[in-house]
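The values are calculated or read from the model by the stated rules, or taken from the named source; none is laboratory data. Quantities reported herein were computed from a predicted structural model and do not represent experimental measurements. Here the Cβ positions follow ideal geometry from the backbone for every residue, glycine too, while neighbour counts run over all protein chains shown.
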């Protein structure tokens, strides 16, 4: 069994140093990041696209850039990697653009996912995830568009998203040129429980009359904090203060017998 609580943050700030904490050994959190070769298509007719997969594992940042066509693809490691401390996470960055009539960015699609397993028989863990997404989009001319989207899903059901859209032909759903979204959500795992969720990162654009389009999209999901409750019963040693008081009583009894 597990539960999720979504908290949308309007403002985030930090003060002083940030200290990473180790993930408990009986809590396994795996993450993966890859380009979707089936869903992605190459830019065409002068359009451009670029992207990278980003991660922090054990406090060490890494990145893998797109190269060549989507047939190249890319991923970090063999399927997944283990997150070992708070601050670890995974995400993707992308940018698109075009200035020539009929230029398109194709479709740039990335996937990243998280799988959590609580191997403890007695401890309940609550894992606070932080989502940070920033985007920009612009389009000019009679028929140009730029769309960017990051969606978090549980069993294909979307529970959080960030969207950036500019469309000169159909402007009714335009969302503005730039923006940043910050959100946190809690996954609570009872002893022996497991849970997984996926994130979809998509970016498209095109221009079909004199004009231009461009856009950028950066998304990153990371572990913010891990809290525990329950756990195995502790042995009940004699508290230090009680031991000292008993020792004091013993000395007092000896003094009275003198």
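Kindly establish whether residue 141 is farther than 28 Å from residue 227 by Cβ, more than 22 Å from the chain's Cα centre (by Cα) and in contact (Cβ under 8 Å) with a residue 24 or more places away in the chain.
On the way: farther than 28 Å from residue 227 by Cβ: yes; more than 22 Å from the chain's Cα centre (by Cα): yes; in contact (Cβ under 8 Å) with a residue 24 or more places away in the chain: yes.
Considered against the rule, which asks whether it is farther than 28 Å from residue 227 by Cβ, more than 22 Å from the chain's Cα centre (by Cα) and in contact (Cβ under 8 Å) with a residue 24 or more places away in the chain, residue 141 comes out as yes.
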Residue 108 fails exactly one of (1) more than 16 Å from the chain's Cα centre (by Cα); (2) surrounded by fewer than 22 Cβ atoms within 10 Å (Cβ to Cβ); (3) more than 18 Å from residue 174 (Cα to Cα); (4) in contact (Cβ under 8 Å) with a residue 40 or more places away in the chain, namely (2)
Residue 68 fails exactly one of (1) modelled with pLDDT of 90 or more; (2) surrounded by fewer than 22 Cβ atoms within 10 Å (Cβ to Cβ); (3) farther than 30 Å from residue 20 by Cβ, namely (1)
Screening 142, 137, 148, 183 for residues that are surrounded by fewer than 16 Cβ atoms within 10 Å (Cβ to Cβ) and on the phi < 0 side of the Ramachandran plot leaves only 142
Taking first residues from segment 216-245 that are part of a strand (DSSP E or B) and second residues anywhere that are surrounded by fewer than 17 Cβ atoms within 10 Å (Cβ to Cβ) and modelled with pLDDT under 70, the pairs with Cβ under 9 Å that are 6 or more apart or on different chains are none
Log entry, pairs with first residue in segment 192-207 being on the phi < 0 side of the Ramachandran plot and free of Cβ contacts under 8 Å to residues at least 40 places away in the same chain, second being surrounded by fewer than 20 Cβ atoms within 10 Å (Cβ to Cβ) and not in a strand (DSSP E or B), beta carbons closer than 7 Å, six or more apart or on different chains, reads none
Within segment 24-39, residues without any contact (Cβ under 8 Å) to a residue 60 or more places away in the chain and either in contact with a strand residue (DSSP E or B) (Cβ under 7 Å, 6 or more places away or on another chain) or over 30 Å from residue 105 (Cα atoms) (or both) come out as 25
